[in-house]
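Below: the structure, in structure tokens.
The values are calculated or read from the model by the stated rules, or taken from the named source; none is laboratory data. The structure presented is a predicted model; accordingly, all values stated were derived computationally and were not measured. For neighbour counting, all protein chains shown are included, and Cβ atoms are generated from backbone atoms with ideal geometry for every residue, glycine included. To get the accessible areas, we keep the full protein, side chains included, count just its heavy atoms, and leave off ligands, DNA and RNA. Shrake-Rupley method; radii C 1.70, N 1.55, O 1.52, S 1.80 Å.
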Amino acid sequence: MDAIIRSAGWQVVDSNAERGDANYKKTVTWGVTSELWVTYVEDLITQVSVVIVFGVDRNAVEALTLRISALLTPYSRQDVLATPSEDTPKPEVARHLVRLALSASEAFDAEIFEKIKTAAGHSDPEIRNAAAWATVYLSWAECEFLLRRLAENDPDERVREGSRMLIESLKDG
């Protein structure tokens with residue numbers, strides 16, 4: 001992405017570098033034109049990232065999305081939704097959960113939420129914790145209910161405490 005930005009000469013219009021969430025994610029938005037922008041979000045723990053193109057003109061958004069996709073190797077929805085196998089290492093399962101969350105739109109996506117909810121019920125507390133943390137990228141009310149369930153009922157104190165902390169962070173915006 002750095003090479004694309006340098007060659008295109010886009011200007012930074014927003015960054016979370018000085019905000020409270022900068023300890024776990026990097027967010028930068030560039031202005032391509034006065035009505036077209038690109039946002040890069042990277043989860044610093046898992047190093048999973050997403051590029052979001054948005055703007056006023058749908059055709060311009062689609063054209064830039066195609067240009068960026070030709071230079072990067074994006075995941076398809078099918079790739080993102082593919083369930084990890086039972087022998088997938090836990091760090092990769094965590095990456096999968098963050099990838100699910102980062103690929104979601106603002107509108108509730110039942111298919112993505114079901115995958116995160118299923119992971120929140122996994123027998124391994126590290127997977128349940130990763131599911132809870134993946135919700136930080138989602139603004140769906142269902143995620144708060146999921147976090148409350150984990151905070152109140154999870155058998156592992158670390159998962160309960162992490163979920164309580166995430167619920168508190170929702171209050172801070």
**Report entry** Among (1) open to solvent by 20 Å² or more (accessible area, probe 1.4 Å); (2) of a type outside the set (Val, Ile, Thr); (3) free of Cβ contacts under 8 Å to residues at least 40 places away in the same chain; (4) part of a helix (DSSP H, G or I), the one test that Arg95 misses
**Finding:** (3)
Report task. Mind counting the residues in the range 149-173 that are surrounded by fewer than 19 Cβ atoms within 10 Å (Cβ to Cβ) and either at positive phi or of a type in the set (Asp, Glu) (or both)? Result -> 7
Requested in this report: Pairs only if they're at least six apart or on different chains, beta carbon under 7 angstrom, first in the range 125-148 and at pLDDT below 95 and open to solvent by 20 Å² or more (accessible area, probe 1.4 Å), second outside any helix (DSSP H, G or I) and charged (D, E, K, R); list them, first residue then second.
Outcome: Ser139/Glu106
Report task. Hey, can you tell me all the residues within the range 1-57 that are under 21 Å from Thr73 (Cα atoms), part of a helix (DSSP H, G or I) and open to solvent by 60 Å² or more (accessible area, probe 1.4 Å)? Result -> Asp2, Ala3, Arg6, Ser7
Query - Residue satisfying condition, being touching a strand residue (DSSP E or B) at 6+ places or on another chain (Cβ under 9 Å) and among the aliphatic types (A, V, I, L, M), within set Leu146, Leu150, Leu102 - result: Leu102
Query raised in the report: What number of residues within the range 98-140 satisfy the criterion of being closer than 21 Å to Tyr40 by Cα and part of a helix (DSSP H, G or I)?
Result: 12
Query - Leading residue by the ranking (surrounded by the most Cβ atoms within 10 Å (Cβ to Cβ)) among those in the range 64-77 that are under 18 Å from Thr29 (Cα atoms) and hydroxyl-bearing (Ser, Thr, Tyr) - result: Thr65
Requested in this report: Determine which single condition Ser105 fails, assuming it passes every other condition in (1) crowded, with 18+ Cβ neighbours inside 10 Å; (2) under 15 Å from the mean Cα position of the chain (by Cα); (3) without any contact (Cβ under 8 Å) to a residue 40 or more places away in the chain.
Outcome: (1)
Report summary line: Scanning the range 152-168 for residues that are in contact with a helix residue (DSSP H, G or I) (Cβ under 7 Å, 6 or more places away or on another chain) and either among the hydroxyl-bearing types (Ser, Thr, Tyr) or part of a loop (DSSP other than H, G, I, E, B) (or both) gives Asp154, Asp156, Ser163
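So, in the range 1-53, exactly how many residues are among the basic types (Lys, Arg) and free of Cβ contacts under 8 Å to residues at least 12 places away in the same chain?
Let us first name the residues in the range 1-53 that are among the basic types (Lys, Arg), namely 6, 19, 25-26.
Among the residues that remain, those that are also free of Cβ contacts under 8 Å to residues at least 12 places away in the same chain are: 6, 19.
Number satisfying all stated conditions: 2.
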Requested in this report: Report yes if Tyr75 is assigned to a strand (DSSP E or B) and touching a residue at least 12 places away in the same chain (Cβ under 8 Å), otherwise no.
Outcome: no
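Quick check on this structure: which one of Val61, Val80 is surrounded by fewer than 21 Cβ atoms within 10 Å (Cβ to Cβ), touching a His at 6+ places or on another chain (Cβ under 9 Å) and either among the basic types (Lys, Arg) or not in a loop (DSSP other than H, G, I, E, B) (or both)?
Numbers: Val61 fails: touching a His at 6+ places or on another chain (Cβ under 9 Å).
One residue alone meets the criteria, Val80.
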